[in-house]
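Remarks on the structure that follows.
The values are calculated or read from the model by the stated rules, or taken from the named source; none is laboratory data. Since the structure is predicted, the reported quantities are computational estimates derived from the model, not experimental observations. Cβ: placed from backbone, ideal geometry, glycine included. Neighbour counts: every protein chain shown.
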Amino acid sequence: MKVIILVGGEGTRLRPLTYSIVKSMVPVINRPFIEHVILKLAAHGINDIVLAMGYKPDSIFSYFKDGAGAGIKLTYSLEEKPLGTAGAVKHAAQHVDDTFFVLNGDTFSDIDYTEMLQLHRRNKAMATIALTRVEDPTLFGVVETGPEGRVTAFIEKPARDQVTSHWINAGVYILEPAVLDYIPDNEFYMFEKGVFPALLAKGAPVYSYASQAYWIDVGRPSQYHRLNCDMLEGKCSSPLYKAESVIIEAGCAIHPSAQITGPARISAGCYVGEEVHIQGPAVIGCGCRIEKGSLVENSILWDNVIIGAGASVIDSIIASGVKIIENARLEGQTINQDAAADHATK
Ligand code: GTP
């Protein structure tokens, strides 16, 4: 079965954590975010994957190539101008002639795609939209439903006093090829504002699949931090990671007096010095040096980070190559590569 993943345009970055790495390639427990998503789809037999994107996918292509290594078929649909969510699907779906999935490329979930597809078929739906429940739906697209989960209305980012439902569009759709007739060619067009309301106006069978499974939008560094921690703690699943207490990869030098409390992953080639305390959840990327007496707690370190002696890094994300100076105290910080010099000299 085919899936089109909306990876986004050239500007799709997890700012301010990184300005250089595209959002889909940021590491989640050391593997690109999109790899977790792709392998979850493949586990449901959805292995004909089209990445729809508005930029040349050098970093993605050199990592995945055509997907054959991972047992999937990966193709790239490149847009010359921003087409919006629906426009990008139309562009990518030129040869689609069967039911297909669409995924927003910046969400991660444990949604049961197999069950969703069964429901879609049982309802003889033209479109099925996965819904997830959130406490505050004001930043999302709320979906109202009637009997049997049939969709009755879409309310995009409702004001607080207009909240009628906590079920929001989870950014996972199953569509019949006929939906493509509702999307103009080569024009900016969105699902929530254009396609779905048009389908409802025509009385087309649009259904919802309400899921209580884990779901997160990783649009901001704080949510990216949460996804890493949740995966470490086993609150969500990935074929690439099995939640364990402490994993120490090859080539690490860990001082016997260091204290490591899981869940934590210490990647290959790390040095963990005397009386260091690593308090999970924590991801320590490859080649990091955690110097004497420092503390790393509830934090994500990318590769080749140096934590100076006596420093404490709590609830933070540190991008590759950053050096945190001795005795520095960081709490709730996102330190990107450009900040390296700052933190090295302060
Ligand atoms: P807001 O609704 O503005 O908060 O942003 P959002 O990124 O959560 O939602 P949006 O509906 O704009 O995008 C959903 C997904 O589609 C994201 O992963 C975007 O990166 C992606 N996307 C948006 N526009 C395009 C586009 O023109 N082309 C492609 N290929 N992907 C897009």
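Annotations
- Selected residue [surrounded by 15 or more Cβ atoms within 10 Å (Cβ to Cβ) and near the ligand (Cβ under 10 Å from one of its atoms)] from Leu14, Leu103: Leu103
- One residue alone among Val283, Val296 is under 20 Å from Gly332 (Cβ atoms), crowded, with 17+ Cβ neighbours inside 10 Å and under 19 Å from the mean Cα position of the chain (by Cα), and that residue is Val283.
- Residues satisfying the criterion are absent from the stretch 292-310 (criterion: among the polar types (S, T, N, Q) and either under 30 Å from Ala130 (Cα atoms) or at pLDDT below 95 (or both)).
- Scanning the stretch 91-110 for residues that are under 20 Å from the mean Cα position of the chain (by Cα) and either over 28 Å from Arg31 (Cα atoms) or acidic (Asp, Glu) (or both) returns Asp106, Asp110.
- Residue that is nearest to Gly105 (Cα to Cα) [pool: residues in the stretch 167-192 that are in a loop (DSSP other than H, G, I, E, B) and not hydroxyl-bearing (Ser, Thr, Tyr)]: Met190
- Subset of the stretch 156-194 that is more than 24 Å from the chain's Cα centre (by Cα) and β-branched (Val, Ile, Thr) - its residue that is nearest to Val102 (Cα to Cα): Val179
- Qualifying residues in the stretch 152-178 (those that are of a type in the set (Val, Ile, Thr) and within 16 Å of the ligand (Cβ to nearest atom)) - the one nearest to Met126 (Cα to Cα): Val172
- Considered as a group, the residues in the stretch 210-237 that are assigned to a loop (DSSP other than H, G, I, E, B) and within 16 Å of the ligand (Cβ to nearest atom) include one that is surrounded by the most Cβ atoms within 10 Å (Cβ to Cβ), and that residue is Val218.
- Boolean, Ala88 is near the ligand (Cβ under 9 Å from one of its atoms), buried (at least 21 other Cβ atoms within 10 Å of the Cβ) and over 15 Å from the mean Cα position of the chain (by Cα): yes
- Residues in the stretch 58-85 that are more than 8 Å from the ligand (Cβ to nearest atom) and part of a strand (DSSP E or B): Lys73, Leu74, Thr75, Tyr76, Leu78.
- Members of the stretch 14-45 that are outside any helix (DSSP H, G or I) and under 19 Å from Phe100 (Cα atoms): His44, Gly45
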